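Report on the following structure.
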Amino acid sequence: MSGPRLFHGNSIGASAMFTISSSSPSFPRTYLIDEARKTPWRSLSLGSPSVTIDIDLGAATTIRSLAILNNNFSSGTYKLFYGATSPATHSVTLTSKNQSMWVSFFATQTKRYWRLSLQEASIASGFYQIGELRLGNYVQLSKYHDSGEQAKRISGKKEHETDGGVRWRLSGFQRKVRSYKFVDLDEATDFAKWERLYESVGEEHPFLFIINPSVPTSSLFCTLDGPLSLSKNKPDRVDMSITLAEDL
């Protein structure tokens, strides 16, 4: 049985070229890839008949997953296209969309040009919204976590006090913190993949942890809340604990 998936990194890098048919100056295209789903890009209108986001990755790139976070999509038609020339015209088969967390996996395509087409007859807001857009590859793990999931909800509150005893508080994002334990991981395979993820994102850059690939809405857009913690009981096997912080 296959395990969870790790979707870290974004093939849509800072050097990628965007051509968007409708974009609000107050919610610019840079918000599509700023690693913060709460700062969304928005279109200026619903387009006629659609709004298209054309992406030039600069070179042919292996892509087999799409993530669109914090969107306002409804019952319209949403398509992803790829091609060796622009505009991309070959269609990718996507899973059913979801507003809070739309993650879709598809057959690998190694192409330079990509197009996301957004088409709705009507949305009350009058625009499309995307908090974070990702195209890329994913890492397949072979083993699920053991002993269930531990979760707690925390707030980023900070309290300050002057020498005279005056106190004030600064509120931050609320987060759900989840802890997992993986027992008897192969050091050369699954644990090595977690180590490469840590080398790639550290504790500061978000990634997608897809707990159950057959249910993409089980994905967490999160950061590592602390280093990888491990114990080694056999020459080539390790037990590992991770804590993930998810913005709400």
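The values are calculated or read from the model by the stated rules, or taken from the named source; none is laboratory data. All of these numbers come straight from a predicted model, not from anything done at the bench. Using ideal geometry, Cβ is built from the backbone for each residue, glycine included, and neighbour counts are taken over all protein chains shown. Heads up: the accessible areas ignore ligands, DNA and RNA and are worked out on the full protein's heavy atoms, side chains in. Shrake-Rupley method; radii C 1.70, N 1.55, O 1.52, S 1.80 Å.
Accessible area, 1.4 Å probe, largest first: how do Arg196, Arg178, Arg237 sort? Mind showing how you got there, number by number?
Details: Arg196 130, Arg178 40, Arg237 65 Å².
Output order, biggest surface exposure first: Arg196, Arg237, Arg178.
So what is the relative contact order of the chain, in percent, for Cα pairs below 8 Å that sit 6 or more residues apart? The partial results should precede the final answer.
On the way: 599 pairs, mean separation 56.0, N = 248.
It comes to 23 percent, rounded to a whole number.
With every protein chain left in place and a probe of 1.4 Å, what is the accessible surface of His205, to the nearest 10 Å²?
Surface open to solvent at His205 totals about 70 Å².
Quick one: accessible area per residue over the chain, 1.4 Å probe, rounded to a whole number of Å²?
Per residue, the chain has 50 Å² of solvent-accessible surface.
Filter Lys111/Lys176; Lys152/Lys232; Lys79/Lys143; Lys181/Lys234; Lys97/Lys176; Lys38/Lys79 down to the pairs with a C-alpha to C-alpha distance above 25 Å, please.
Lys111/Lys176; Lys152/Lys232; Lys79/Lys143
Measure nothing but the geometry: give the 0 to 90° angle between the long axis through the Cα atoms of 190-201 and the longest principal axis through the Cα atoms of the chain, rounded to 10°.
It is inclined by approximately 60 degrees.
Most fluctuating residue of Pro40, Pro235, Pro206 in a GNM of the chain with Cα springs under 10 Å: which is it?
Pro235
Tell me, what is the 1.4 Å probe accessible area of Glu120, in Å² to the nearest 10?
10 Å²
Accessible area of the stretch 16-164 with a 1.4 Å probe: how many percent of it is carbon plus sulfur? Mind dumping the intermediate values first?
Numbers: 3550 of 7450 Å².
Solvent-exposed carbon and sulfur of the stretch 16-164 make up 48 percent of the total.
Assuming R0 = 30 Å, can you tell me the calculated FRET efficiency for the pair Asn137 and Ser75, based on Cβ-Cβ distance, to the nearest 0.05? Walk me through the intermediate numbers first.
On the way: r = 30 Å, r/R0 = 1.01.
For Asn137 and Ser75, the calculated efficiency is 0.50.
What is the distance, in nm, between label points placed 7 Å from the Cα along the Cα-to-Cβ direction at Val215 and at Ser122?
Each label point is offset 7 Å from its Cα along the Cβ direction, giving 3.4 nm.
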